[in-house]
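Just so you know, all these numbers are worked out from the coordinates, no wet-lab data involved. Computed from a predicted structure; not experimentally measured. No Cβ is skipped: glycine too gets one built from the backbone with ideal geometry, and neighbour counts run over all protein chains shown.
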Amino acid sequence: MADEPLILGIETSCDESGVGIVRGHTLLADALASSVDQHARFGGVVPEVASRAHLEAIVPTMQRALTEAGVTLAGWPGWAARHGIRVRVPRPGLCTDNGAMVAALGSHLVPSGVAPSRLDLPADSAMPLTTVSA
């Protein structure tokens with residue numbers, strides 16, 4: 001099992017931030033932070049409150065999951081640099097499910113050797129994405 005890839009997944013929805021750590025097909029840890037109480041006083045989800053809550057919650061939530069899994073990320077920036085991977089951590093947007101789709105697509109494109117898109121690439125949300133090819 002130690003030779004299987006270690007995957008750290010981050011999910012942010014309207015009122016929750018979650019982190020899961022998987023090796024192969026085994027869930028090693030998961031942690032969840034909720035901002036339901038922060039939104040309750042407004043009668044529903046407020047995008048700016050949600051964004052701020054994700055910023056405040058994601059690092060401690062990730063640390064809880066890493067500790068539970070017995071995993072450390074020490075040295076990962078150097079590893080990424082040695083492998084030509086530019087690590088970017090942008091401020092969370094209001095529609096984070098798109099981030100999950102981009103990450104899923106990237107997990108197929110990177111091993112296939114497909115060159116990354118420019119950061120200013122225009123997006124067309126109506127365009128179907130059915131096949132990944134190198």
TODO: Describe numerically, in nm with one decimal, the distance between label points set 7 Å from Cα along Cα→Cβ at Glu48 and at Trp79.
DONE: 3.9 nm
Task: Cα pair distances in the stretch 6-100, grouped into 5 Å bins until the bin that holds the longest one, percent each - done: 2, 13, 20, 21, 20, 14, 6, 3, 1, 0
Task: Computed lengthening from Leu32 to Asp3, 0.36 nm per intervening residue step minus Cα-Cα distance - done: 7.7 nm
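Contact order normalised by length for the stretch 6-100, with contacts defined as Cα pairs under 8 Å and 6 or more residues apart; what percent is it?
Numbers: 115 pairs, mean separation 26.7, N = 95.
Computed value for the stretch 6-100: 28 percent relative contact order.
Out of the stretch 36-91, which trypsin sites (Lys or Arg not before Pro) are coil in DSSP terms and have no more than 11 other C-beta atoms within 10 Å?
Details: sites: Arg41, Arg52, Arg64, Arg82, Arg86, Arg88; in loops: Arg41, Arg86, Arg88.
In loop regions of the stretch 36-91 (DSSP not H, G, I, E or B), the sparsely surrounded trypsin sites (Lys or Arg not before Pro) are Arg41, Arg86, Arg88.
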